[in-house]
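The values are calculated or read from the model by the stated rules, or taken from the named source; none is laboratory data. Keep in mind that what you see is a predicted model, and the values were worked out from it rather than measured. When we count neighbours, we look across all protein chains shown, and the Cβ atoms used for this are built from the backbone with ideal geometry, even at glycine. Accessible surface is based on the protein model in full, side chains and every heavy atom, while ligands, DNA and RNA are left aside. Shrake-Rupley method; radii C 1.70, N 1.55, O 1.52, S 1.80 Å.
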Amino acid sequence: MVSVGIISDIHSNFFALEVVIDYITDKIDALICAGDFVGYGFQPTECIEAMLDYSLPTYYCLGNHDVGVRYEYCKHLGIKGGFKDLKFFQLDEVRPAAKTMFKRNAKDLSDKNYRFLKNLPLHRDFRLGQKSVHVTHGTPSKNEKDNIVRYLPAPPIQPLRQTIDLAQGFSGTKDVDIIIVGHTHQRFYINRDRIQGWSHIGDRYSNKKVNYPKEFSFPRDKIILNPGAIGQPRDGDPAASFAIIDLESSKIEFHALQYSRKKFYQIAKQKCAPSVQNSSFWEIIF
Ligand SMILES: [Fe+2]
């Protein structure tokens with residue numbers, strides 16, 4: 001095991017995922033995804049099938065939108081007890097546009113797609129070469145709801161010490177070498193007690209150019225990393241964002257690849273009723 005691809009927050013955006021898979025597959029030996037395979041976008045089945053059929057070893061975990069789509073699928077088909085392991089999830093805490101897309105995505109799912117979502121764990125713990133790895137969508141914690149919905153942002157949203165304490169304060173991650181999260185859709189990378197890089201926060205509508213270093217090294221130190229989002233970045237750069245870790249040279253590279261946003265809009269217009277295509281809907285979806 002030498003190189004590992006790290007992705008998160010695909011959000012049913014197959015145009016973005018396809019470009020990333022084409023680029024990454026011959027450069028890595030395994031793939032990690034920190035959840036939110038579905039929700040927001042319009043191609044949930046294509047995204048799930050690409051991830052199910054992926055040709056390399058994979059390490060996936062559950063995201064809050066995976067939970068939401070699974071919830072709507074169970075409701076739609078009247079699957080009794082299909083949701084009893086996820087009682088902490090509260091639909092009334094979700095924004096209306098996201099709820100609309102839970103339903104929309106759920107209607108597209110096959111039984112095989114549903115089983116993929118159902119089998120995703122709240123977190124994964126495994127080894128890659130000499131390194132121990134913990135991956136969860138939101139925040140590492142013994143509280144299941146935190147794993148799914150609690151954001152772990154980097155500075156300046158919260159002080160660096162708080163980010164590190166939250167990530168490493170849980171007994172399950174205290175001595176872990178590589179902690180991976182998603183959910184914020186914003187990249188950051190912390191090496192032991194220093195933040196080495198992060199994307200400009202929050203303003204995905206400003207088109208501000210993200211001034212972000214592309215490569216870091218991590219000789220022996222513990223790291224905490226968010227690769228950003230494949231399908232819906234929120235850091236001022238709409239390109240599909242991901243990372244590659246080279247365990248041999250101890251290097252991390254961050255990448256952002258362009259894809260056809262025009263095709264995304266075309267399929268959105270075909271699949272989504274005009275009644276929900278208002279500006280606030282688009283603002284949240286994409
Ligand atoms: Fe997400």
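General remarks:
- Scanning segment 121-139 for residues that are open to solvent by less than 20 Å² (accessible area, probe 1.4 Å) and closer than 28 Å to CYS74 by Cα turns up VAL135, THR136, HIS137, GLY138, THR139.
- Every listed requirement among (1) touching a strand residue (DSSP E or B) at 6+ places or on another chain (Cβ under 7 Å); (2) of a type in the set (Asp, Glu); (3) within 12 Å of the ligand (Cβ to nearest atom) is met by ASP36 save one, (1).
- Test: residue in segment 174-184 that is buried (at least 23 other Cβ atoms within 10 Å of the Cβ) and on the phi > 0 side of the Ramachandran plot: yes
- Note on segment 58-95: residues that are outside any loop (DSSP other than H, G, I, E, B), open to solvent by less than 10 Å² (accessible area, probe 1.4 Å) and among the aliphatic types (A, V, I, L, M) amount to 3.
- Scanning segment 4-27 for residues that are away from the ligand (no atom under 16 Å from the Cβ) and open to solvent by 10 Å² or more (accessible area, probe 1.4 Å) yields PHE15, GLU18, VAL19, ILE21, ASP22, TYR23, THR25, ASP26, LYS27.
- THR100 meets all of the listed conditions (1) part of a loop (DSSP other than H, G, I, E, B); (2) out of contact with any Phe, Trp or Tyr (no Cβ under 6 Å at 6 or more places or on another chain) but one, namely (1).
- Residue within segment 138-158 that is more than 24 Å from VAL69 (Cβ to Cβ) and touching a His at 6+ places or on another chain (Cβ under 8 Å) present: no
- Here LEU31 passes the criteria (1) within 15 Å of the chain's Cα centre (by Cα); (2) farther than 25 Å from ALA240 by Cα except the one numbered (2).
- Checking ASP146 against (1) at pLDDT 75 or above; (2) away from the ligand (no atom under 14 Å from the Cβ); (3) open to solvent by 50 Å² or more (accessible area, probe 1.4 Å); (4) in contact with a Gly (Cβ under 7 Å, 6 or more places away or on another chain), the condition it does not meet: (3)
- Pick from segment 40-85, criterion more than 16 Å from the ligand (Cβ to nearest atom) and touching a residue at least 60 places away in the same chain (Cβ under 8 Å), ranking: farthest from LYS263 (Cα to Cα): TYR59
- The residue that is surrounded by the fewest Cβ atoms within 10 Å (Cβ to Cβ), counting only those in segment 36-52 that are assigned to a loop (DSSP other than H, G, I, E, B) and within 14 Å of the chain's Cα centre (by Cα), is TYR40.
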